[in-house]
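In what follows, a single structure is set out as structure tokens and then discussed.
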Amino acid sequence: MSVREVWQLTRELLEATALPWPAEEREARLVQVDELLRRREEWLRELRPPYSEEEQRLGREIIAWNEEIERRLHRVGDEIRNDLRMAGAKRQANARYVHPYEQPLSIDGMFYDKKR
């Protein structure tokens, strides 16, 4: 395996992680990114020095792209966590609406008479 092949795979990975990620495409894109990461990891294990000047230049480019890919994947992870949090809140609100008397009454807004 050569550095050029790893560089090509990293470029494909950079393109696959391009934002935005619409919610309806998210799962398919995650599968694609996972496959690219798996293949690239296998190729990285097989790289052996010494490296030529061009291979070193490609390696520096791969490192720069890796930082961008990592930022993009963190952003997607944050979006997924936010979507899961919102889904949980919606589920809770829906349960309260459907079964309003199963939850304990809130004290908010109750009148409290200090004299008694």
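No lab work stands behind these numbers, since they all come straight from the coordinates. All figures in this text were calculated on a predicted structure; none of them were measured in a lab. Neighbour counts are summed over all protein chains in view; Cβ atoms, including those assigned to glycine, are modelled from backbone coordinates with ideal geometry.
Of note:
- Förster-model FRET efficiency, 35 Å R0, Glu5 and Arg71, C-beta, rounded to 0.05: 0.90
- Dividing the convex hull volume of the alpha carbon atoms of the chain by its residue count gives 184 Å³ per residue.
- In a fully extended conformation the segment linking Arg85 and Leu47 would gain 9.5 nm over its present Cα-Cα distance, using 0.36 nm per residue.
- Selection from Pro20, Met86, His99 lying farthest towards where the dipole of the chain points positive, charges on Cβ: His99
- Acute angle (nearest 10 degrees) that the helix 26-45 long axis makes with the longest principal axis of the chain, alpha-carbon atoms: 40
- Sorted peptide list for 6-14, 91-99, criterion being average Cβ within 10 angstrom, highest first: 6-14, 91-99
- Positive-end residue, the chain charge dipole about Cα centroid, Cβ charges, pick of His74, Leu58, Leu30: His74
- Spin-label zone in the stretch 1-37 - amide nitrogen under 14 Å from a point set 7 Å from the Cα of Arg57 along the C-beta vector: 4
- Crossing angle, helix 53-98 versus the chain [Cα axis fit, 0-90 degrees, rounded to tens]: 20
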